[in-house]
Each structure stands twice: as C-alpha cells, then as structure tokens.
C-alpha cells in the first residue's frame with residue numbers, strides 16, 4: 001500500500017445516542033432473519049450522521065431486505081421527527097394492498113413516537129424493534145452505513161478536487 005501511496009481509513013467510533021425509555025417499544029419480530037422472499041415483505045431503517053465541510057447531515061433510508069434496495073431516503077441538517085416521517089411517507093408509496101410488511105429499526109425515539117406507530121398501524125404494517133443497545137439486530141443497515149461512510153471521504157475528496165480543478 002505504501003508503494004502505491006494508499007492509506008487505510010480508520011472508522012471513528014460514533015457517540016451513543018440512546019437516552020433511555022422514550023415511548024412504547026415493540027418486540028424484535030425480525031430476530032435477525034434478514035432474508036425476504038419477495039419485495040415489500042421486510043424493510044429496515046435507521047438514521048446515521050455524516051460530517052461534511054464542518055457541518056452535520058443526517059440520513060434516514062428505508063432498505064428492502066428482498067434485494068437490498070434503498071426504496072426511499074431523506075437528508076436533513078437535524079435529526080428531527082420529520083426526517084423519519086418524510087422517509088416513511090415516501091416509502092409507503094411503494095406498497096400495494098396485497099403487501100404484508102414488517103418494518104424493523106432500532107429503538108430510536110423517532111420509531112417509538114405515537115405518530116410513527118399510528119402511521120404503521122393505519123397501513124397494517126407490523127413494527128419490529130431491535131433489542132436495546134444491540135446493533136447486530138439491525139446489522140444489514142448498520143453494515144450499509146459502514147460501507148457508505150468508508151467510501152464517503154473518497155467520493156467527497158474526488159468531488160472537491162474536481163471542483164477545484166474546474167475553478168482554476
């Protein structure tokens with residue numbers, strides 16, 4: 001790697017955001033069964049933070065476990081409830097009346113809110129939550145975030161150098 005001038009990027013450990021009981025929790029129905037036999041059977045979601053040019057950005061995607069497709073996402077400068085509710089509304093556009101959907105997430109306060117649970121109930125969606133403090137229960141989306149963040153600095157530095165070279 002040193003002969004080629006390559007450097008390994010080390011992932012920095014993020015802070016813990018869990019602040020205790022917020023609302024009602026749901027059982028861990030997914031139970032690490034990350035396989036889906038058809039689209040719109042099992043979706044997973046979470047929120048992650050990016051630091052970009054000294055600013056924070058929050059990404060809230062919905063991933064279909066059938067094929068790993070991100071079916072909807074929202075980005076905002078603050079991790080507000082609207083970040084999650086907007087992503088959920090976009091995701092629900094994909095559903096048909098025949099779909100029987102399970103949505104799995106961690107126990108973040110967004111997913112415990114009455115509005116979120118009411119929206120799921122209104123659309124006959126089953127909610128599943130990871131066990132408290134157990135990232136392995138939501139491993140697929142956590143892994144996706146890890147890959148995205150490991151590629152992110154390279155992508156941003158290429159875009160920055162491309163912008164700089166065009167401005168000269």
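Values in this text are rule-based calculations from the coordinates and carry no lab data. The structure displayed is predicted, hence computed values, not measured ones. Cβ placement follows ideal geometry from the backbone for every residue including glycine, while neighbour counts extend to all protein chains displayed.
Couple of notes before you dig in:
- Per-peptide average of other Cβ atoms within 10 Å, ordering 42-49, 120-127 highest first: 42-49, 120-127
- Rg/Rh (Cα only; Kirkwood hydrodynamic radius) as it applies to region 42-161: 0.98
- With 10 Å bins from 0: P(r) over region 39-109, alpha-carbon pairs, percent: 20, 50, 24, 5, 1
- Of all DSSP-defined beta bridges confined to region 42-161, some 65% are antiparallel rather than parallel.
- Remark: the residue 50-residue 152 segment gains 35.8 nm on full extension, using 0.36 nm per residue and subtracting the alpha carbon distance.
- When each of the peptides 129-138, 28-37 is scored by how many other beta carbons lie within 10 Å of its residues on average, the order from highest to lowest is 129-138, 28-37.
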